[in-house]
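Each reported figure results from applying straightforward, stated rules to the coordinates on display, with no laboratory input. Being a predicted model, the structure only gives us computed values, none of them experimental. Every residue, glycine as well, gets a Cβ built from its backbone with ideal geometry; the counts of neighbours run over all protein chains shown.
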């Protein structure tokens, strides 16, 4: 059974914007190049709704919690709008929990695909100067470095992506159990 077009449009637009907001949070957390054209596009797309939130929620070091709050609000608003379109009364607490879990899942999904892309880029174009590979490497390198502290490369073979994939899969499986 397929989704109706209204739900598909609301879900797609809401999830896309939540993705951009979470990406901003992760780029700030990784201290990625602010002047990268992709970073600039993310900042421009997220600045208008984030500015008021940043006045209320101050930054804690590299952690810009206003971006996470906005991402959760976007997820919540998307779900609420879908329920309203279908004339259903949602459970607000359930929607809030589902939104928070959705943001955590989105963070893990972004890291999964970013790590996969970083591995492929390291094989295909290791010294690329294009803004996208540079941003991907800046986003994933702190995660790789964290894992390398525990498991150093073995004879030139970096196993950190494997352990990152495994950790992401375990956490995502537990998150899905949380909302069921």
Quiz prompt | Debye-sum result for region 94-180 in log10 I(q)/I(0), which assumes one identical scatterer on each alpha carbon, at q = 0.16, 0.19 Å⁻¹ | solution = -0.70, -0.89
Self-check item: Separation in nanometres of the label points that stand 7 Å from Cα toward Cβ, at residue 109 and residue 151
Solution: 2.5
Practice problem: Please report the Cα spread of region 40-144 along all three principal axes, rounded to whole Å, starting with the longest. | Solution: 52, 31, 22
Quiz item: So how tilted is helix 65-85 from the main axis of the chain? Cα-based, degrees 0 to 90, rounded to 10.
Solution: 40
Quiz item: What is the Rg over Rh value, at two decimals, for the chain, using alpha-carbon atoms and the Kirkwood definition of Rh?
Solution: 1.00
Exercise. Rounded to the nearest 500, what is the 222 nm mean residue ellipticity of the chain from helices alone, with -39500 (n - 2.57) per DSSP H run of 4+ residues and division by all residues?
Key: -27000 deg cm²/dmol
Quiz item: If you build a Gaussian network model of the chain, linking Cα atoms that sit under 10 Å apart, which residue out of 84, 147, 21 swings the most?
Solution: 84
Quiz item: Comparing 27, 79, 97, which has the greatest mean-square fluctuation in the GNM of the chain with Cα pairs linked when under 10 Å apart?
Solution: 97
Quiz item: Taking only Cα atoms, what is the 0 to 90° angle, nearest 10, from helix 131-150's long axis to the longest principal axis of the chain?
Solution: 70
Quiz item: In nm, what is the difference between 0.36 nm times the number of residues separating residue 44 and residue 169 and their Cα-Cα distance?
Solution: 41.8 nm
Quiz prompt | Candidates 156, 77, 94: whichever shows maximal mean-square fluctuation once the chain is modelled as a Gaussian network with Cα springs under 10 Å | solution = 156
